[in-house]
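Structure, as structure tokens:
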There are 2 protein chains.
Amino acid sequence: MKIHDIGGEFALIKRLARQSLTTHPDLVAGIGDDAAVIGGTFADGDYLLVTTDMLVEGSHFRRDWATPVQIGIKSVACNVSDIAAMGGSPTLMFVSLALPPETEVAWVEALYQGMTDACRRYGVVIAGGDTTHGERITISIALLGRVSPQNLCLRSHASPGELLCVTGPLGGSAAGLAMLSAALEPLADLKEKHLAPACRLDVSPIIATLAGAMIDISDGLAAEVNHICEQSGIGAEIIVADIPIHPSVHHAAQLTGNNAFDFALSGGEDFELLFSISAQNLRRLLNKGIQATVVGRLTEAMSACSLKFPDGKRTPLSGGYNHFS
Amino acid sequence: MKIHDIGGEFALIKRLARQSLTTHPDLVAGIGDDAAVIGGTFADGDYLLVTTDMLVEGSHFRRDWATPVQIGIKSVACNVSDIAAMGGSPTLMFVSLALPPETEVAWVEALYQGMTDACRRYGVVIAGGDTTHGERITISIALLGRVSPQNLCLRSHASPGELLCVTGPLGGSAAGLAMLSAALEPLADLKEKHLAPACRLDVSPIIATLAGAMIDISDGLAAEVNHICEQSGIGAEIIVADIPIHPSVHHAAQLTGNNAFDFALSGGEDFELLFSISAQNLRRLLNKGIQATVVGRLTEAMSACSLKFPDGKRTPLSGGYNHFS
């Protein structure tokens, strides 16, 4: 039986979690959120956050598309995004690299330059790691962070009646990828969005003080809404017409024969944030100058997750990026 | 310029460390030890330890030699060994896996069974990770631990006059590997030592209360002595005749046309511990029933690291496993 036979990556993780030791008195939240949350550590009561992410050449980046600086920036951003989604601040990073023996030292140094630039932007320090050889360049990052208990935004913290918001336009990264895959030169903003994205640590600490659940959009809006609903045991209704689509996505969709809406709904790696929030707290958030777009609302569990189209029709909300589907 | 042109893995890490942000007020010790040591965390003053290790199929394990259970055991043991070498106790583990899409679910579950068995043995809990696709199976582990400041054994904690000791016989893993590489069936103990090794967390907490510097023997005795001396700014004299050689190594050396002594001195992955200790504390350690073998002594910096042969001759101590040499 292969991984896609059981339903792909998320089904596999669930099976593995069931068979492993995954409970510990200090573990506030483990497998199933953007980062693990560990109590009993900081003297001031803050929780320790730990997230890990692995990028493999050919699967997550291509050296003919991205410069090593861009690959370094992206590998840091996708990890910082996980810490941001918990409401936390990143602190120390550990980098494990597998490199083919013929790798140019200058390439590795440029990769580290990109990482160091991104680390400086996000206030992160590289504190260790491992370097070894392998046929394919593989970058595995473990990132620590911390969060105060009152700012912790778990996926399970959403409640029926709350609004679902996103921090920015979606689909840009997937549209950039589609252009590159079709051997077309993407518009500069899409290229940047796919190859050297930023994450939303600029707004996450403020959102965290007012939001319920939060998650970063790394597997597509549809998948992330489903993650929040599954963990919170509730449903959601997403209003299709309200989903903000990155302005350059339409152009890319036309050129590649895709639907702009699909890029926004199912495209991965936008690294914007999706969060649940009460109407009252959303007003407070907007008053602080934070931009957020309401894309739907959370409902009772029985209603499941659905998409509502402008003509009033509804379809179940499925989709999202799965590494083994 | 390729990685081996600048001197391999360790030279690369030094270059990268120089160009990156690697200082942080909480960082007691970062790049250059078995694990990073982070202060300002636990309320009781303990330090947080973080170590990461990446195992790549073809480079670190072969599916035709090792069962998935063995690969799981080894991937945990090599990380726990790093925490043990700091004098600490491991706590929570994060596993990132890259898997080819055609991987059998049963294989991944057996890998996790090996990891879970090893975790139970060492008191570790799997708290998260990442699963993605890649052409080669890659296992990247980040392991947390904690240590009290008085038990912390940095590589830089060695002093001239101290004795250098190892916790057990060496060369077994390298001899097992040499047999497998020559398509010979290794003796069961060598096979176990190479494919499913244990680490010395059973004795490290006691040694840590009495030792100066400590390091785990993952790159060979010669390399580890050099690491301790470099970090402590001192020299060492290793007495060749005193190095304990795993009893089955001689047989393997004969069959593969190698020298048993080379396996013990330069073979990697024994996962025994090398530590510096005063003569007085060594007596205390032995009185507690801990087995340790003196292999040499630490000297002033000017004398560098040397090997002393039975005929009284000395040679500089070089060698050890380097991923890019």
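Taken together, the values in this text are just the output of simple stated rules run on the coordinates, not laboratory data. This one's a predicted model, so the numbers in the text were calculated from it and none came from an experiment. Cβ: placed from backbone, ideal geometry, glycine included. Neighbour counts: every protein chain shown.
For chain B, modelled as a GNM whose springs connect Cα atoms under 10 angstrom apart, the maximal fluctuation among B:LEU170, B:LEU12, B:LEU265 occurs at B:LEU12. The three principal axes of the C-alpha atoms in the protein assembly as shown carry coordinate ranges of 93, 49, 41 Å, sorted with the longest axis first.
Counting, for every residue in A:10-18, the Cβ atoms of other protein chains within 10 Å of its Cβ and taking the mean gives 4.
Between the range B:208-222 and the range A:175-230, the C-alpha centres lie 45 angstrom from each other. Look at B:ARG15, A:ARG63 and count the other Cβ atoms within 10 Å of each Cβ; fewest to most, that gives A:ARG63, B:ARG15. Residues whose amide H falls under 5 Å from that of B:ASP34, counting only those 5 or more places apart or on a different chain, are B:ARG155, with hydrogens built in the peptide plane. Suppose we keep just the DSSP beta bridges with both residues in the protein assembly as shown; what percent of those would be antiparallel, to 5? Roughly 75 percent of the beta bridges in the protein assembly as shown run antiparallel, per DSSP. For chain A, complete DSSP H runs whose alpha carbons reach 24 Å or more along their own long axis and whose mean Kyte-Doolittle score is 0.5 or higher are A:68-85.
If you build a Gaussian network model of chain B, linking Cα atoms that sit under 10 Å apart, which residue out of B:ASP242, B:ASP216, B:ASP130 swings the most? Top of the fluctuation ranking is B:ASP130.
Candidates B:GLY114, B:PRO149, B:CYS78 compared by Cα position along the dipole of the range B:3-150: farthest toward the positive end lies B:PRO149, with charges placed on Cβ.
Looking at chain B, the pairs of alpha carbons with a distance over 38 Å make up 11% of the total.
Label-point distances for A:GLY312 to the equivalent site in the other copies, using a point 7 angstrom along Cα→C-beta, read 10.5 nm when ranked shortest first.
Here is how far apart the A:GLY58 label points are across copies: 0.7 nm, shortest first, using a point 7 Å from Cα toward Cβ.
Please give the per residue volume of the convex hull enclosing the alpha carbon atoms of the range B:181-278, rounded to a whole number of Å³.
Normalising the Cα hull of the range B:181-278 by residue number yields 112 Å³.
Under 5 Å from the amide H of B:LYS2 lie the amide H atoms of A:VAL105, each residue being 5 or more positions distant or on a separate chain, with H modelled from the backbone and absent for Pro and chain starts.
Ranked for footprinting exposure by Cβ neighbours inside 10 Å, fewest first, B:HIS194, A:HIS4 give A:HIS4, B:HIS194.
Across the range A:180-325, Cα pairs under 8 Å and at least six residues apart give a relative contact order of 37 percent.
Cβ crowding within 10 Å, taken as a proxy for footprinting-reagent exposure, orders A:LEU273, A:LEU286, A:LEU163 from fewest neighbours to most as A:LEU286, A:LEU163, A:LEU273. What the Kirkwood sum gives for the range B:3-150 is a hydrodynamic radius of 16.6 Å, with every pair of different alpha carbons counted.
Please give the calculated 222 nm ellipticity per residue for chain B, where each DSSP H segment of at least 4 residues contributes -39500 (n - 2.57) and the sum is spread over every residue; nearest 500 deg cm²/dmol?
-10000 deg cm²/dmol
Between A:HIS250 and A:SER303, the contour length at 0.36 nm per residue exceeds the alpha carbon distance by 15.9 nm. Taking every DSSP beta bridge that has both ends in chain B, the antiparallel portion is near 75%.
Where both bridge residues fall in the range B:51-171, DSSP classifies roughly 60% of the beta bridges as antiparallel. Taking K and R as +1 and D and E as -1, what net charge do the other residues with C-beta under 12 Å from the C-beta of B:ASN281 add up to? Counting the neighbours of B:ASN281, the net charge comes to +2. Taking GluC sites (Glu not before Pro) in DSSP loop conformation with at most 15 other Cβ atoms inside 10 Å as exposed sites, chain B has its longest uninterrupted site-free stretch at B:103-299. Calculate the translational D of the range B:153-316 in whole µm² s⁻¹ from Stokes-Einstein, where the hydrodynamic radius comes from the Kirkwood formula applied to all Cα pairs, the temperature is 20 °C and the viscosity 1.002 mPa s. Value of D from the Cα-based Kirkwood radius: 135 µm²/s.
In this simple spin-label approximation, B:ASP5 and B:ARG283 carry label points 7 Å from Cα along the Cα→Cβ vector, and these lie 5.7 nm apart. Largest GNM mean-square fluctuation across A:SER20, A:SER266, A:SER181, computed for chain A with C-alpha springs under 10 Å, falls on A:SER20. When the range B:234-311 is described by a simple charge dipole with +1 on each Lys and Arg Cβ and -1 on each Asp and Glu Cβ, the residue from B:PHE263, B:ILE245, B:LEU286 located farthest towards its positive end is B:LEU286. Sorted from shortest to longest, the distances between the A:GLN254 label points of this copy and the other copies are 8.1 nm, with each point 7 Å from Cα along the line through the beta carbon.
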